[in-house]
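Contents: one structure, followed by commentary.
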Amino acid sequence: MTNQGADRIVQRIITEGRSRAEAIVSEAKQKAAQMISEAEKTAASQRKRALERTRIQMEEQKQRILGAAQLEARKDLLKAKQDIIDDVFKRALHELSNLDQDSYFQLLSKMLLATAEKGDETVILSPRDKQRIPAGFWEEINRSLKKAGKKGALAPAEETRDIPGGVILQAEGVELNSSFSALLEMHREELEPVVAALLFEGE
């Protein structure tokens, strides 16, 4: 074989090798591009999911913060309303205890006529009321009790109690506390919704 023939063979082999190499490189580039594209899609999808998870977490956190703030605000509002209602009952007790003397003992007389069961109970007063009770008070009440068919023998006790106003009836070792503070406390459960409705009408 001549040198020229050998050169042609070598040239053909080189050309074929180059073609195969180019084909392999091209295929590798295509595969690499496809892998990169798929990786980018996967990364984008993961990034989207991560962003969505973050958004959801942030929304949940926001709702938790808002919920806690709203709960705290409701608690503060309820406490403020309760403080106002408490003040109303304190004022009512103060007003009852500080009625002018005529009105006060008229009220006390009505209470005794309504609560005396037999009409021979002992009546415990506050020190203040015992000192200022009007003349003829007991006689008038007992006359009214007799007219109502009761014994008409109410009498003030020797002892006094530290009450803001009202009376405590005592009979046979049993006491009926009709002091203003006890009566307000006794009826507070039924009065409080009425007071609240009047105070916070329209809310």
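The values are calculated or read from the model by the stated rules, or taken from the named source; none is laboratory data. What you see is a predicted model, and the numbers here were worked out from it, not measured in a lab. A quick note on method: Cβ atoms are made from the backbone with ideal geometry, for glycine too, and the neighbour counts reach across all protein chains shown.
Residue 15 meets the stated requirement of being part of a helix (DSSP H, G or I), over 55 Å from the mean Cα position of the chain (by Cα) and either at pLDDT 80 or above or not basic (Lys, Arg) (or both). Only one entry of 24, 85 meets the criterion of being in a helix (DSSP H, G or I) and either at pLDDT 80 or above or on the phi > 0 side of the Ramachandran plot (or both), and that entry is 85.
Within region 81-107, the set of residues being among the hydrophobic types (A, V, I, L, M, F, W, C), closer than 16 Å to residue 163 by Cα and in contact (Cβ under 8 Å) with a residue 12 or more places away in the chain comprises 89, 92, 93, 96, 105. Does residue 129 fit the bill of being in a helix (DSSP H, G or I) and at pLDDT 95 or above? Answer is yes for this residue. Residues that are closer than 18 Å to residue 96 by Cβ, among the charged types (D, E, K, R) and in contact (Cβ under 8 Å) with a residue 12 or more places away in the chain within region 124-180 comprise 129, 130, 132, 161, 162, listed in sequence order.
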